[in-house]
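Notes to accompany the following structure.
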Amino acid sequence: MNKFIGLANGITTCEGCAMETAARHMIEILGPRTIILTPPSCSAILTGFGRETGWTVPSFMSNLEAVAAYGSGVREALDILGKGDVNVVGYAGDGGTLDIGLQALSGAIERGHRLIYICYDNEAYMNTGIQRSSATPAGAWTTTTPGGKRGDRKDIDGMLVAQGIPYLATASASYIDDFRNKVATAMKVDGPSFIHLHSACPTGWRFNPAETYRVGKLAVDCGLWVLYEVVNGKYRVTRKLKSLEPASNYFTAQGRFKHLSRQEIDSLAAQAQEGYYAIVAKEND
Amino acid sequence: MKMTAMNGNDAAAAGARMARVQVVAAYPITPQTPIVENLATAIDKGDLKANYINVESEHSALCATVGASLVGARAFTATASAGLALMHEITGVAAGCRQPIVMPVVNRAIPSPWSLWCDHSDIMGERDQGWIQLFAETCQEALDFVILSYRLAEDKRVQLPVMIGIDGFFLSHITEPVAVPSQEQVDAYLPPREPHNLVLDVDNPLAINTLTPPGLFTEIKYQHKQAMENAAVVMGKVFASFAAAFGRKYSVVKKYKTEDADIVFVAMGTMAGTGRDAVDALRSKGHKVGMLRIISFRPFPTEAVQDALKEAEKVIVLDRSAGLGSTPPLALEVSRAVPDKSFTSCVAGLGGRDVTIATYEQALSVTGKTGVNWLDLKEGE
Ligand SMILES: Cc1ncc(C[n+]2csc(CCOP(=O)(O)OP(=O)(O)O)c2C)c(N)n1
Ligand code: SF4
Ligand SMILES: [Mg+2]
């Protein structure tokens, strides 16, 4: 079978951008009968600038808070026009999803539209120059948390599961097969689906672009970013860890945590482990 | 033609039903709510084959409407006041992406302070967003304007969304006899939408609304300006074909006893009806006055206004929005159209205050007074 190429090469994201790599895999799985919506964010770079676009499928640059709202209209119109087979996909950042776009997302999920919403989480507002979002992890430097972020990130996945979303998955650009499987699963869901993709960002996280894969992988291997899916409320961890890597390796690999003391790092690392076991416990519930 | 008793909201909803809209996304707000209830019921009963999206806000209502329109559906929404203000970000997208959406705006004052009642401050906040704006005066027009607006909006040369101003309560909740056309007549007048230009279609992929550099932005805006100019021409043709199909004639302005008038009042919406009564009352007292109602505020019918006012010595404009910090919007437009006339700007009817014959009498009494004259103002309140 010929591989479907849905995204051109030579796109102007930063070197080592996991968001872009993941998008290539995502569109390959989704195929040509797909409409992509991207808000203002780094993913808008894929949708294009001026006369150029990256996608070979139709795409629309929405407003920041509104991917899910536009998607609702696109979906319902396609259905009434007899084009129910077309995938409607939002590819939005953490800011456009957890912060300003939360209302539209929650509304679209409650209404039950057949929408695939993929949130690539680079843990800050990167396109505007690295400002904190509610997905920014505790302790991380951003330009609006110059002393490190106080308080933990918003548990968007827990919120959406509590809302009763039929399919939710976490994923990582460093575990791409797992992500691809989850995109394929989302395509079969008769209702809304949400994939929360951890997306390492060398520019915003302050690490060498050659290290993207390793940094993303460390987050999973340390138990900081647990790979799982929730089908109709039932949890399944898709990557179980025999033992957890020391989470301090993850923190020390990135410049955004470099102001933290050893003690602070240890405390964050301990929390990370608790987080992993809390998800595993949900699987066994 | 069948006559039915209907209020303005039900008439607008009937227009949308007969236009066979395919997607409705709307959020309730007084005094627009009955429109969305009416359509939700029609869809639920199977009287209208459409998908109804119970959005969680007006912002999402317009996004979903734009989304539906982008894939080629005939899409409809309606709102008022704070709801329209919440949509503001997306009214720019709907127009800039040239989507032929029709949206009644059931005019209600913009807070603060809170008011449930009619004025035009809501829709005036959108006047430069690139939508066509029509103002209805009767329930019949509420129905007819929805139908003809789709024909206008979807015209290849236009491709622009339309807002239809329906005065809150004064029109939305007033029952009048309405000639309801047959579905066959409407179908003959308004064929199914044929989407043009900016369409999301997997068989003809396009990236829409991308980041646009300074080297292209102006030209895209210029096309939008041309579309607005085309709209002025196409609107005339649409009114003519509507008259041929349904027997009711509309135009961009409506004149009443302007031909021999020394002084002409100018207003929009339901207060123009009162204005015609005021003209009769004032003429019986020897004042040679006339009434000019503006129906199309965008595009603004400069030539039609000049023509209607060519015999008048004096012009008195009654705005139903405050226009703080400068001249109110309708006065601004009319004074620009006829710069050489003696000109009086008045504000009346804010936040649901009645505009009566006495209001027009007061307007006449301030003829020639400079500045903005607030009518029916209670001193000492
Ligand atoms: C209504 C609105 N407010 C603010 C902005 C400015 N803005 C553009 S992108 C962005 C940050 C987006 O962050 P995120 O969704 O995490 O995507 P990322 O840039 O990290 O890819 C902001 C605040 C906007 N486009 N629209
Ligand atoms: S800032 Fe980060 S997410 Fe954005 S393009 Fe650069 S690497 Fe990718
Ligand atoms: Mg981000």
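Taking the residues in segment A:93-107 that are of a type in the set (A, V, I, L, M, F, W, C) and in a helix (DSSP H, G or I) as candidates, determine which candidate is farthest from ligand 3 (Cβ to nearest atom). Taking the candidates together, the pick is A:Ala104. The residue pairs whose first member lies in segment A:106-121 and is within 15 Å of A:Gly95 (Cα to Cα) and in contact (Cβ under 8 Å) with a residue 60 or more places away in the chain, whose second member is among the hydroxyl-bearing types (Ser, Thr, Tyr) and in a strand (DSSP E or B), and whose beta carbons are closer than 8 Å, counting only pairs six or more residues apart or on different chains, are A:Tyr117/A:Ser193; A:Ile118/A:Tyr91; A:Tyr120/A:Tyr91.
Taking segment A:99-108 as the search range and keeping residues that are hydrophobic (A, V, I, L, M, F, W, C) and crowded, with 23+ Cβ neighbours inside 10 Å, which one is farthest from ligand 1 (Cβ to nearest atom)? Looking at residues that are hydrophobic (A, V, I, L, M, F, W, C) and crowded, with 23+ Cβ neighbours inside 10 Å, I get A:Ala108. For the criterion of being buried (at least 24 other Cβ atoms within 10 Å of the Cβ) and assigned to a helix (DSSP H, G or I), A:Gly90 fails.
Among the conditions (1) part of a strand (DSSP E or B); (2) without any contact (Cβ under 8 Å) to a residue 40 or more places away in the chain, the only one that A:Thr128 does not satisfy is (1). Residues in segment A:260-285 that are within 22 Å of A:Arg214 (Cβ to Cβ) and outside any helix (DSSP H, G or I): 1 in all.
Against the criterion of being closer than 19 Å to B:Gly92 by Cβ, out of contact with any strand residue (DSSP E or B) (no Cβ under 6 Å at 6 or more places or on another chain), of a type in the set (Gly, Ala, Ser) and touching a residue at least 24 places away in the same chain (Cβ under 8 Å), B:Ala188 does not qualify. Output yes when any residue across segment A:98-112 is more than 7 Å from chain B (Cβ to nearest Cβ), modelled with pLDDT of 95 or more and within 18 Å of A:Ala23 (Cα to Cα), and no when none is. No, because not a single residue in segment A:98-112 is more than 7 Å from chain B (Cβ to nearest Cβ), modelled with pLDDT of 95 or more and within 18 Å of A:Ala23 (Cα to Cα). Applying the criterion of at least 1 residues that are within 7 Å of another protein chain (Cβ to nearest Cβ) and not small (Gly, Ala, Ser) to the helices (runs of 4 or more DSSP H) found wholly in segment B:1-74 leaves B:58-70. Across segment A:125-175, which residue is surrounded by the most Cβ atoms within 10 Å (Cβ to Cβ) among those that are at positive phi and within 14 Å of ligand 1 (Cβ to nearest atom)? Once the filter is applied, the top-ranked residue is A:Ile130. The requirement of being part of a helix (DSSP H, G or I), more than 14 Å from chain A (Cβ to nearest Cβ), hydrophobic (A, V, I, L, M, F, W, C) and closer than 20 Å to B:Lys341 by Cα is fulfilled somewhere in segment B:263-279, by at least one residue. When restricted to residues that are closer than 20 Å to B:Lys237 by Cβ and either in contact with a strand residue (DSSP E or B) (Cβ under 8 Å, 6 or more places away or on another chain) or charged (D, E, K, R) (or both), segment B:191-216 contains 2. Residue count for segment A:62-83, restricted to those that are within 7 Å of chain B (Cβ to nearest Cβ), surrounded by fewer than 24 Cβ atoms within 10 Å (Cβ to Cβ) and under 19 Å from the mean Cα position of the chain (by Cα): 1. A count restricted to segment B:331-354 and to residues that are crowded, with 17+ Cβ neighbours inside 10 Å, farther than 30 Å from B:Thr30 by Cβ and out of contact with any strand residue (DSSP E or B) (no Cβ under 9 Å at 6 or more places or on another chain) stands at 1. Of everything in segment A:201-256 that is under 19 Å from the mean Cα position of the chain (by Cα), hydroxyl-bearing (Ser, Thr, Tyr) and in a helix (DSSP H, G or I), the residue that is farthest from ligand 2 (Cβ to nearest atom) is A:Tyr250. From the list B:Ala272, B:Ala312, B:Ala244, which residue is surrounded by 15 or more Cβ atoms within 10 Å (Cβ to Cβ) and over 19 Å from the mean Cα position of the chain (by Cα)? Going through B:Ala272, B:Ala312, B:Ala244 in turn, the sole match is B:Ala312. Looking only at segment B:75-84, which residues are more than 9 Å from chain A (Cβ to nearest Cβ) and either more than 19 Å from the chain's Cα centre (by Cα) or surrounded by 24 or more Cβ atoms within 10 Å (Cβ to Cβ) (or both)? Residues satisfying the conditions are B:Phe76, B:Thr77, B:Ala78, B:Thr79, B:Ala80, B:Ser81, B:Gly83, B:Leu84. Of all residues in segment A:38-52, which are at the interface with chain B (Cβ under 7 Å from one of its Cβ atoms), surrounded by 22 or more Cβ atoms within 10 Å (Cβ to Cβ) and assigned to a loop (DSSP other than H, G, I, E, B)? Matches in segment A:38-52: A:Gly48 only. I'd like to check something: does segment A:138-152 contain any residue that is within 16 Å of the chain's Cα centre (by Cα) and closer than 22 Å to A:Gln271 by Cα? No, that holds for no residue.
Only one of the numbered conditions (1) over 20 Å from B:Val66 (Cβ atoms); (2) outside any helix (DSSP H, G or I); (3) away from ligand 2 (no atom under 16 Å from the Cβ) is not met by A:Glu110, and that is (2). Condition check for A:Gly10 on (1) under 23 Å from A:Asp178 (Cα atoms); (2) at pLDDT below 95: one failure, at (1). Might you let me know whether segment A:1-9 holds any residue that is within 16 Å of ligand 1 (Cβ to nearest atom), out of contact with any helix residue (DSSP H, G or I) (no Cβ under 6 Å at 6 or more places or on another chain) and not acidic (Asp, Glu)? Within segment A:1-9 (the criterion being within 16 Å of ligand 1 (Cβ to nearest atom), out of contact with any helix residue (DSSP H, G or I) (no Cβ under 6 Å at 6 or more places or on another chain) and not acidic (Asp, Glu)), the answer is no, since none of the residues qualifies. The numbered conditions (1) out of contact with any strand residue (DSSP E or B) (no Cβ under 7 Å at 6 or more places or on another chain); (2) within 16 Å of ligand 2 (Cβ to nearest atom); (3) over 20 Å from A:Gly164 (Cα atoms) are all true for A:Asp85 except (2).
Residue check: A:Thr34 meets all listed conditions (1) within 14 Å of chain B (Cβ to nearest Cβ); (2) surrounded by fewer than 19 Cβ atoms within 10 Å (Cβ to Cβ) but one, namely (2).
Assessment of segment A:16-25 against the conditions (among the polar types (S, T, N, Q), within 16 Å of ligand 2 (Cβ to nearest atom) and farther than 18 Å from A:Thr203 by Cβ) yields no matching residue.
The values are calculated or read from the model by the stated rules, or taken from the named source; none is laboratory data. It should be emphasised that the depicted structure is a prediction, and the values quoted were computed from it without experimental measurement. Note that we place each Cβ from the backbone using ideal geometry, even for glycine, and neighbour counts take in every protein chain shown.
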